[in-house]
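What follows is a single structure, written as C-alpha cells, with notes after it.
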Amino acid sequence: MFNIYRKEMIWGGRPLVLETGKIARQADAAVLVTYGETTVLCTVVGEKSPKVGIDFFPLTVHYQEKAFAAGKIPGGFFKREGRPAEKEVLISRLIDRPIRPLFAPGFRNETQVICTVLSHDLENDSDIPSLIGASAALTLSGIPFLGPIGAARVGYDGANYILNPTMDRAETTQLDLVVAGTVEGVLMVESEAHELSEEIMLGAVTFGQKEFSQVINLIIDLAELCAKDPWELPVEAPAHAALKEKITGLVGADIAAAYLERVKQGRHEKLSAAKKKMTESLTAEADAGHDLQDAGKIFKELESDIVRGQILDTGVRIDGRDTKTVRPIVSEVGILPRAHGSALFTRGETQALVVTTLGTGQDEQIIDALAGEYREHFTLHYNFPSYSVGETGRMGSPGRREIGHGKLAWRALHPVLPKKEDFPYTIRIVSEITESNGSSSMATVCGSSLSLMDAGAPLPRPVAGIAMGLIKEGERFAVLSDILGDEDHLGDMDFKVAGTEKGITALQMDIKITSITEEIMRIALDQAKDGRIHILGEMSKALTTARQGVSENAPRITVIQVPKDKIREIIGTGGKVIREITETTGAKIDISDDGTVKVAATDSAAAERAIAWIRGIVAEPEMNVVYTGKVVKVVDFGAFVNFLGSRDGLVHISELAPQRVNRTTDVVNMGDEVKVKVIGFDDRGKIKLSMKSVNQETGEDLAQKAS
C-alpha cells in the first residue's frame, strides 16, 4: 500500500530517523524526522510554473508547534493554536537562512516549506530536526535545490564541545551555537556565548560542520532510494549583450559617479536619477522592444561590478573608508528625563534610541511553551520604522526581521546580565531605530548596553557589536568592518559579532556563497575583535560602568525572606491581607513559594511601611516585649488588641490601668492605638497582654524600670 523509505543513524548518542512515503504523500516531498522522541513532519510544495514579472525567489518557510506534541491543550478562549509565537518565528528564519542561497539561480516558482512539530520529548529541541527535515524534503522533491545541507547544535563545557546537548544540559553550558551548511562550507551560524574567545567560537563552528556532514550523507542515502526526478533547471536568458552595452554607455558613468558620493541620501538620489534616465531613454525607443525587467537586472549588475571591483582593486569603500575603519561614533546617555535608562547610539548613518524600563515580578512575561510554562524577566524589542530609511511604509505588528534582530541583541546581552537574586528587576529594553544604513541590530546591542548601565543595572562589562562583510571574487577577497547597507546587499557575507572586551557573547553569520574558508572566517573574527574593542572605547566616553543605584523614577525593590509557613498569613483569605497592604502603602509585593518576598515602590517610605507590616505578620510575639497595636474589640472583661499584623491578644480589664477599672470603655475604645506588653500565653496559645505595665506615651516598660 505504501512505499516507505527509512534511514537511521546514531548521532550525538541518540537515534536520528528519516522516513518518507507514508504521510503527506500529495506534497512534492514529505519527510518525518525523529530525533530521540522529538518528531517533526517537514513538507515541501513548489508551484510547477514560475511567477511572472518578479525578480526574486518567492520562498516561504513556516515552522509550527502543535500543543498535542507535548500532551498539552492550548490556553486562551479558543483552545487552539493561533498566531506564531516568537520561537516559531525565529525557527522559521533559522530554516530559511541556510536553504535560500541554495536554490538554482533564476528559479522563480513559488515554494513553501512547512515544518510541524508532532511530538516533543522535552529533551531534544525541535529546531535541528526541522532544519534537517527541510533539507531532506527539498532534496527528495526534485525542486532545483543545490543541497542537501546539514545542521547541528554545539555546546561547550569549558573543555570540550558537546554535540546536540539536551535542553537541560544546554542551559548549563557556556555556548549555545547552531550551525548549518553543506559539506563544502558553512552557510549559517546563530549563537549565544558566555564571553568566549574567537578561537573557541571558530572551533565550535568547525566541530559542528564536521558532525553534520554525517547527516548530509544520510540524506543522500535516502535520496538515492526515493528522490523524484529533478525539475528542469531554469535557464536564465543572459542579458542581451547589445542592451548591456547600451545601458553601460547610457548610465555607466552616472552609476560610478553616484558611488563616489559618500553620503547615503545623496548617493541614492544620484542612483535614482540614473535609473530614471535609463528607463526614459529605453521607453522612448518604442520599436526596440527593450525588456525593462532585463534592464533593471543589468543596472544592478553594473552597481555590483563597480562597488565590488573598487573595493578589491583599491581597498576604498563606498563612503571612502578602508576595509577596517569603523564609522564615527557618538554615544549619549540619560537623554529621556522620565525613562529609567536611555541612550542614543549613533554610528555613521545608523542610529538607535534605546530605552530601559525596570519593573517588578508582576511585569515578567509568561510564556506557554511546549516544554512548559515559564516566566521571562528580560525582554528586548526592536522596532524598525520606515522613516529610518527615508521611506513611507505600513505601520503594524513587528515582522520576522524585527523579531530576529531583537533576539540577536537579546542573546548578546543575556550572558552578562546580573543574576536575578542580585538584581531582582524585570528588565524591558526597547530599541527604536531612528536612522539606518548598515547593522542596526549591532547599534541596538551598543545602545542597549549603555541604557542598561544608565538605568543602574550592574553589568560586569559593557557589550558592543559590529557587522562584518565580505567581497570575494575567485581567490581575491576583502573582509569589511562595520558594513553599510549597500555593502550588505552587494556583498557575500553578513557576519555579526557582539561581545565584551573579554570575549564573544553572540555570533550570527549568513553566507551567500559556498566557498568561505576557515582562513576567511578567522580573519573576519580577528578583524571584528579589533572593531569591537574600538567601539567599546568610543562607548566609554559616555559611560564606563553602571550608575550607582537605579533611577529615581524606577521602583526600589527590597528583598526579604520569610518562613514558608507564613506565606498564607501574608496573603490572607482570598488575598485580603496582601491587597490591604498594597492599597494602604502603595507598594507592589511579589511572594515566591520559597518565602522570598520582594517589595517594590518608587517611594522609599511606602516600601518601609509595607516591609514593617509584613515583618509584623511573620514575627512571633515574645514575652516581656512591648508592641504597638490597635483595639479591635471591646468586651466587658477587657479589650482585644491587634498587633504584629494579624495577631490579636487580650488585655484583661485588670491589666488596662494601674487603678481599678469599672468599665473597659473608661480606658479604651474601638480603634484606639495603644502600647501593650506580652505577659503570657494561656494553655490554648492565646496571647495575654498588659497595658498597665507600659507607659502609654513613651512605650517604656514600667516593670523593667522599677527593677
Segment 619-672, residues that are among the basic types (Lys, Arg) and either under 30 Å from Arg579 (Cβ atoms) or surrounded by 12 or more Cβ atoms within 10 Å (Cβ to Cβ) (or both)
Lys630, Lys633, Arg647
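Is there a residue being among the polar types (S, T, N, Q), in the same structural domain as Ala443 (by TED's automatic domain parsing) and under 20 Å from Met442 (Cβ atoms) anywhere in segment 358-378? Can you show your working first?
Applying the first criterion (among the polar types (S, T, N, Q)) to segment 358-378 yields 360, 362, 365.
Checking the rest, the ones that are also in the same structural domain as Ala443 (by TED's automatic domain parsing) come to 360, 362, 365.
Going one step further and asking which of them are under 20 Å from Met442 (Cβ atoms), we end up with none.
The answer is no, given that none of the residues of segment 358-378 is among the polar types (S, T, N, Q), in the same structural domain as Ala443 (by TED's automatic domain parsing) and under 20 Å from Met442 (Cβ atoms).
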Can you confirm whether segment 654-673 contains a residue that is in a strand (DSSP E or B) and farther than 30 Å from Ile591 by Cα?
no
Can you report the number of residues in segment 509-556 which are buried (at least 17 other Cβ atoms within 10 Å of the Cβ) and not in a loop (DSSP other than H, G, I, E, B)?
18
Please enumerate the residues belonging to segment 240-261 that are in contact (Cβ under 8 Å) with a residue 24 or more places away in the chain and either within 13 Å of Gln310 (Cβ to Cβ) or not basic (Lys, Arg) (or both).
His240, Leu243, Ile247, Thr248, Leu250, Val251, Gly252, Ile255, Ala256, Tyr259
What single numbered condition from (1) over 22 Å from Asp125 (Cα atoms); (2) assigned to a helix (DSSP H, G or I); (3) under 27 Å from the mean Cα position of the chain (by Cα) fails to hold for Ile255?
(3)
When restricted to Gly685, Gly680, the only residue in contact (Cβ under 8 Å) with a residue 12 or more places away in the chain, surrounded by fewer than 20 Cβ atoms within 10 Å (Cβ to Cβ) and not assigned by TED's automatic domain parsing to the domain that holds Thr584 is Gly680
Scanning segment 320-351 residue by residue, the ones that are within 30 Å of Ala257 (Cα to Cα) and among the aliphatic types (A, V, I, L, M) total 3
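Which of the strands (runs of 3 or more DSSP E) contained wholly in segment 563-648 include at least 1 residues that are in contact (Cβ under 8 Å) with a residue 60 or more places away in the chain and under 25 Å from Gly359 (Cβ atoms)? Step through it out loud before you land on a result.
Values: elements: 588-591, 596-601, 626-635, 638-643.
Per the criteria, 588-591, 596-601.
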If we keep only residues of segment 262-296 that are among the basic types (Lys, Arg) and surrounded by fewer than 15 Cβ atoms within 10 Å (Cβ to Cβ), then the residue farthest from Ser436 (Cα to Cα) is Lys277
Restricting attention to segment 44-95, and to residues there that are touching a Phe, Trp or Tyr at 6+ places or on another chain (Cβ under 9 Å) and β-branched (Val, Ile, Thr), which single residue is surrounded by the fewest Cβ atoms within 10 Å (Cβ to Cβ)?
Val89
For a quick check of your reading: which strands (runs of 3 or more DSSP E) sit entirely within segment 119-235 and have at least 3 residues that are in contact (Cβ under 8 Å) with a residue 12 or more places away in the chain and touching a helix residue (DSSP H, G or I) at 6+ places or on another chain (Cβ under 7 Å)?
150-156, 175-181, 186-196
Go through segment 537-583 and give me each residue that's modelled with pLDDT under 90 and either on the phi > 0 side of the Ramachandran plot or basic (Lys, Arg) (or both).
Gly549, Arg556, Lys564, Lys566, Arg568, Gly572, Gly574, Gly575, Lys576
Tell me, which strands (runs of 3 or more DSSP E) wholly within segment 413-504 include 3 or more residues that are in contact (Cβ under 8 Å) with a residue 40 or more places away in the chain and either within 17 Å of the chain's Cα centre (by Cα) or assigned by TED's automatic domain parsing to the domain that holds Met188 (or both)?
426-435, 493-499
For residues that are crowded, with 20+ Cβ neighbours inside 10 Å and over 18 Å from Leu380 (Cβ atoms), tally how many sit in segment 330-344.
1
Counting only residues that are farther than 30 Å from Ile366 by Cβ and of a type in the set (Gly, Ala, Ser), which one in segment 426-442 is surrounded by the most Cβ atoms within 10 Å (Cβ to Cβ)?
Ser439
Could you look through segment 369-400, keep only residues that are out of contact with any helix residue (DSSP H, G or I) (no Cβ under 7 Å at 6 or more places or on another chain) and of a type in the set (D, E, K, R), and pick out the one that is nearest to Pro74 (Cα to Cα)?
Glu373
I want to confirm something. Restricting to segment 10-34 and keeping residues that are more than 15 Å from Leu118 (Cα to Cα), in contact with an Asp or Glu (Cβ under 9 Å, 6 or more places away or on another chain) and in contact (Cβ under 8 Å) with a residue 40 or more places away in the chain, which single residue is surrounded by the most Cβ atoms within 10 Å (Cβ to Cβ)?
Leu16
All conditions in (1) part of a helix (DSSP H, G or I); (2) in contact (Cβ under 8 Å) with a residue 40 or more places away in the chain are true of Ile560 except (1)
Residue in segment 401-411 that is assigned to a loop (DSSP other than H, G, I, E, B) and out of contact with any helix residue (DSSP H, G or I) (no Cβ under 9 Å at 6 or more places or on another chain) present
no
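Picking from Glu232, Glu195, Glu184, which residue would you name as being over 25 Å from His120 (Cα atoms) and either at pLDDT 95 or above or crowded, with 21+ Cβ neighbours inside 10 Å (or both)?
Working: Glu232 fails: either at pLDDT 95 or above or crowded, with 21+ Cβ neighbours inside 10 Å (or both); Glu184 fails: either at pLDDT 95 or above or crowded, with 21+ Cβ neighbours inside 10 Å (or both).
Of the residues listed, the single one that is over 25 Å from His120 (Cα atoms) and either at pLDDT 95 or above or crowded, with 21+ Cβ neighbours inside 10 Å (or both) is Glu195.
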So, in segment 636-679, exactly how many residues are touching a Gly at 6+ places or on another chain (Cβ under 8 Å) and of a type in the set (Phe, Trp, Tyr)?
2
Can you tell me which residue within segment 273-291, out of those that are modelled with pLDDT under 75 and in a helix (DSSP H, G or I), is nearest to Ile247 (Cα to Cα)?
Ala288
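The values are calculated or read from the model by the stated rules, or taken from the named source; none is laboratory data. In this text the structure is predicted, and so the values were computed from the model without any measurement. Quick reminder, even Gly has a Cβ in these numbers, built from the backbone with ideal geometry, and neighbours come from all protein chains shown.
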